[in-house]
Structures are given as structure tokens and as C-alpha cells.
Amino acid sequence: MRRALNVVFGVSLVAAICGIGVAQQTGRNDPKTPAALPGIDSVAIEQDARAGTTLLLVHAIKGPAHPGSFPYAFDTGDVIVNDLGRDGDRRAGDGTYTAKVRFDVDELGRTATANFAKVQAEPLTAPAIRSLRFDPPTRKLQGGAKLLTAPQLRTQQLTADRLFRTQSVTDSKAALATFKLPAARRPAEVLRFDRAKGDVRATLFGRQVPVGILTLPKLKLKVLPSAVKPERSLMITAPEVVKDTTRTFEPCTTVPNQGNPNGVWTFKHLMTEMANTPQTGIAPEDFVFNWLTQQNSAQPVNSFSAGARPGFVSMVRDRWLTQSGGVKLNLDKAPFRLLAIVSRTDLGTGVSGYSGGNAGEARFVFGVLDPNNACGVQQSTVIFEYAIQKSSCAAKKAWIQDWFSLSGSGFVLGGSFNTKLQTLTESFVTAGANPAQLPNRSAIGQVRTNDLIAGPWMLFEFQPRSAGDPDPGALHNVTVKQNPDISFKNAPGPRALLAQFIGDNQAALLNGTYVIPAVLPAPSNAPILGGESPTFNNTSFTWTDTSFATPVDPAALAAFSIGTCNGCHTGDTGTAFTHVKPRTPAGVASLSTFLNNPGDPAEDDLERRQRMMANALNGQCFALPLTATLPFGFVH
């Protein structure tokens, strides 16, 4: 049975979350939504009782070309924080952005006191164990050269967690007592949220306290992670959904015409809406045919190459075309089987170049079939990853609440559950869902292929070409985000540049807020992101064994490696290429043990996503980028 975690005693944002894709692309999101703002590593509230002002302080991670100001979600709406030395900002250019806000400190005191009383009354469950996969292999016992064994690591963490629990009770009581003091005698800093090596810490009047006692005063709903049902709100693979005969279609030739070829969860529907023929002039059949044809030859990407996949094209495009009569693809015969519908509200962020929306992503995962033998399962998947944009913190929370509501017993699988889910999916699938993304006006962030057909395993990424580009509206290869070209592992010159990047970004790597740019900054100005993610069919592939002339921090290297597509899909997570496995017509898609391992929550990423959803619903709006978002580098 999945072990529930108490949301109140510590939030562990394990800095290694793999899903199916990450993307970083500027200029594709709604211009009203910041898409390239600085990463945030802490937010705080300060109060000056004498002046009668309250300040919101947002500290940005060190990086290039930070803006002078930007909108930041607060409980009462977006506020403009600035680092220009004005409107409460103490020093221009120091990375701390400031805004004057209204914040009821006494209301926070009443809420925190009530929540702490609930904490003490609730039974405590076993703590989450940080995954051993994400500890560098060079970690050693203090004062000695002996490597820590797995049981020693677990015992060490368990002991530390017990100490934290004891200390947190003491600190919480002391912090809450501060509310009884006159306002003029309280510390100026009321509360702070910050990242620490992937964890989020909460500090109240200078004392570290459990995140859960600082829930939003206006939010009446208190959600425990155990209330979030992963199979209903996070990773939906239920037969009643993926085999819904009114919304999906089974192309298996031995069981013909099972379902609705025009269903809202079919490959045909998703591609038709993405093509958006009235806007692009591209027929859906041509849209898909051109996408497949492109993979017949190597494509230049960022000065590197996205390799040809002629075996994939021959099996999928050519055999499908033959079955369609040889002239035009018949999308009713699309050789793709729905495996899963996935909610990734945990990816929500407005402070990175990641093309996932500020409210995260939603995804469809399809297994690829052989059109000549559609019941034969192929080791290849296609993933549609939609970027979800919401205008305010309240809208983001409402979106998360909609997905969470599916965990309730009031929604019946195959009935009211499917109806509710269709409402959610059509809101981002339907043509025109993102009017700012021209010419398609689609909310698609990227389409990915995880391919093992007639060649070594490879992961590719595709996005519609923007207006003004060649072939506007057509799907084309783009860089595979957070994944350097393989030359940065194999060639001395690029390896030296990678070592420098890891050294320069060590802190961001450790707290999960780094972004690998398409091109490294000056003086090298070297392209780094590749057009493909190869492993050479090595399920033990990892970047941690890269031979650097200059040593790099092993923990930062481990964080970097698991953030890559090829590391996350193989050696760094013990996975054989796909996290969602293709299924037979009668089967259910199985998940990698990294995603779902209820017997060991240290390796159960869906359990981490449970905590993230609960934290997002319980947390303060202004701390949402810290307590309810994921290190966006680790979402393959």
C-alpha cells in the first residue's frame, strides 16, 4: 500500500523527477505570461510596524540578464516586484525583488496556531526516504573513506528526520508565541520559504517550522497527500478511460472498429486540432505525413543533428499509407494506442524558459503499433505535451483543484469521471487554446517520440514552426531540452565546457533550478543542446561516469545527469527507456519503478507528485513557485 506522507512535517522536493519531457523555448507562450524570468530560490514577508508597511521579497538565483521588474503572483493578485532600488527595494541589482503588499500577519498567526494544533492531533506516518539513486556514488561517512551502504543511508536519514520532527515542535511553539508580542517587538522578517538542495523550508520569525502550518488563511480545504489518488488525478491508465469506446479508438486489426475514430482522446483528434487547418491551411493528413517524413533523414538542429529514423518511417508512415489506399493517410487508421492521460500540474512555473505553461502541463501518451500487425506492441511511444497557461494564482489553484477532484468517489470511472476529464482535456486540446502561438494557435508545448523501432533507442522533440519561419505551422525537430549533444560526453573540448557549466551552475543544479541554454554564454558561445538523446541501447547509461580533466562536484554532476533525457530514461533511474510502457489491446500500460513503486516510496515518483499537488492546494500563493512547482530540469 502506498505510504501516505504527512504534508505538515516537511516537504521533500526530491530534485530528480522524471516524466516524459522537458522543453525550453522562448517566444512561444502567451506574452502576458513571463516565459524567461529569473529562477526563484526564496520568498519572504517583512513587516515594518513603525512605518506600517509590509514587503514581499523575492530572491532570484544568480543568472544573466535579469529583468528590472516582473509580475509575481500574490494572494491578492499579481504584484510588480522590482530590483531597481525603489518602492521598498533596498538595493538595485542585488537579486532581491521587492514590492509593497497588504498582508494580515495576525490572520497568519491565527491560522498557523490552529494548523499546529491539528498537527499535534494527527498521527505521524513514516517519513519519505530520499532516493538512493540521487545520491552521488562518492558520498562517504564523515571522517572516513568508507562508502555509505543503502541501509546506512536510510538509517541516517531516518534519524535526521526524527530529530527534525522533535526540533520542529519546539521551534513551532516558540515561533507561534511571537505572535503574542506587540508588533513593534516582533522580528522584521515574518516568514520565509526557500529551497535547500531540492527541499523547501519554511521559516517563521527566524525559526524553521513545518511547511503545513503556514497554509493559506482563505483556503478552507486542507489536503493530505493520501487524498490525492495518482491513478485518478496524476497518471490515468484505467481501462475505463483509455478504452472508452466513445472517446478512444482501438486500431488492432484483430478487433476492428472498436471505439470511435473521431473520439476526443484519439491520435486523430489531437493531430487535427493541432494542425488547425482554418488557420494554417495544412490538412491534418498532410500535417502528420510531413511530420513522419521529416524523420526519414537527419535534420540539422542547433548546429548538431537529429538522426534519421528510416525504420520508424517505414513501419509507421509507409505501412499506414498502404493500408490507407496509397494516396493519403487515413487518420481513422492511425496506428497509435492510447496508454495514459497525465496531469503534470507539478511543472507549473512562470520563471523559466521551459515551454510548459505557468500552470504546468497535461499529456497524452500513445503506444506505436505496426500497421501490418496492429496487435503487435512496438517499443515506441509518442507523447503530446500541452502547456497550460493560467492568468492568476487563483486560476492555477482552480486548475489543480479540478484534477484533484477526480480523486473523489463522486466521479465514476467510465461515466462521470470521463465526462469531467473530457472537459479538462478539451480545454487545452481544442484548436485556438493558445491564440498567441501562431500560426497554429495550439496549446501544444512539444511532441516527443521515444523510439526503439529498427534502431537504437532515441528520444526526439518536435514543435510547430512559428509564423515567419519556413513551413510555418508544421511539426519540426527542435533541441532536446536539458540534454547536451553527446559530444559533451565523448570529446575533450566539449567535456571541458560542460565541466565549466556544471561548476558555474553548481548551486542551481543542487536546488533544481538550472536551465541548460541552447548556446553557452560568452566567451565560448558554443551550442550545447542536442537534437537527439542517444544511449546506444545501454540501459546503464549515465553522465556521472564522464571523464573530466577538471573534477566536478559529484552531487551537481548527479543532478545534471538525471536531468538529461538519456540519463533519466536509463541508468540514473534504473529504467529501460520508457516510463510508460506500451500495452496490448487487453492490457494496461505498466509504469517504470521510478514512477510507481509503492513498496518503496523512495523510488515512487508518483508519491512525490501527490505531495506536490497537496502542497499546491494548501500553500500560500506567493510561495507557489517554491512549494508547488518542480525543478523543471527533471521532467523527462
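The values are calculated or read from the model by the stated rules, or taken from the named source; none is laboratory data. As the structure is a prediction and not an experimental result, all values here were calculated from the model. Ideal geometry is used to build each Cβ from the backbone, glycine not excepted, and the neighbour counts take in all protein chains shown. Calculation scope for accessible area: heavy atoms of the full protein, side chains included, ligands and nucleic acids excluded. Shrake-Rupley method; radii C 1.70, N 1.55, O 1.52, S 1.80 Å.
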For the stretch 168-181, name all the residues that are open to solvent by 50 Å² or more (accessible area, probe 1.4 Å) and either touching a residue at least 60 places away in the same chain (Cβ under 8 Å) or of a type in the set (Val, Ile, Thr) (or both). THR170
Checked pairs for the stretch 376-396, first under 16 Å from ALA589 (Cβ atoms), second of a type in the set (Lys, Arg) and open to solvent by less than 30 Å² (accessible area, probe 1.4 Å), C-beta under 9 Å and 6 or more apart or across chains, list as VAL377/ARG337; VAL377/ARG583; THR381/ARG448; VAL382/ARG448; ILE383/ARG363; ILE383/ARG448; PHE384/ARG363; PHE384/ARG448
If a residue has to be under 17 Å from ASP318 (Cβ atoms) and either open to solvent by 10 Å² or more (accessible area, probe 1.4 Å) or not in a strand (DSSP E or B) (or both) to count, how many in the stretch 365-395 make the cut? 6
Might you let me know whether the stretch 410-433 holds any residue that is farther than 30 Å from GLU231 by Cα and either modelled with pLDDT of 95 or more or in a helix (DSSP H, G or I) (or both)? no
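For the stretch 218-246: of the residues being modelled with pLDDT under 75 and farther than 28 Å from ASN511 by Cβ, which is nearest to the chain's Cα centre (by Cα)?
LEU221
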Kindly indicate whether any position in the stretch 267-276 is at pLDDT below 95, aromatic (Phe, Trp, Tyr) and under 31 Å from the mean Cα position of the chain (by Cα). no
Residues that are of a type outside the set (D, E, K, R) and in a loop (DSSP other than H, G, I, E, B), drawn from the stretch 81-116: LEU84, GLY85, GLY88, ALA92, GLY93, GLY95, PHE103
Would you tally the residues in the stretch 403-426 being open to solvent by 50 Å² or more (accessible area, probe 1.4 Å) and in contact with a helix residue (DSSP H, G or I) (Cβ under 6 Å, 6 or more places away or on another chain)? 2
Filtering the stretch 63-96 for residues that are open to solvent by less than 30 Å² (accessible area, probe 1.4 Å), at pLDDT 90 or above and under 27 Å from PRO210 (Cβ atoms) leaves a count of 1
Among (1) open to solvent by less than 60 Å² (accessible area, probe 1.4 Å); (2) in a helix (DSSP H, G or I); (3) modelled with pLDDT under 50; (4) not small (Gly, Ala, Ser) - the single one ARG133 does not satisfy: (1)
Is it the case, given these coordinates, that PRO472 is in a loop (DSSP other than H, G, I, E, B), within 23 Å of ALA555 (Cβ to Cβ) and open to solvent by 10 Å² or more (accessible area, probe 1.4 Å)? no
For the stretch 495-533, what are the residues that are at pLDDT 95 or above, within 16 Å of CYS565 (Cβ to Cβ) and open to solvent by 10 Å² or more (accessible area, probe 1.4 Å)? GLU532
Out of curiosity, is LEU204 open to solvent by less than 10 Å² (accessible area, probe 1.4 Å) and modelled with pLDDT of 90 or more? yes
(1) under 20 Å from the mean Cα position of the chain (by Cα); (2) farther than 13 Å from SER533 by Cβ; (3) at pLDDT below 95; (4) not basic (Lys, Arg): which one isn't true of GLN482, the others all being true? (2)
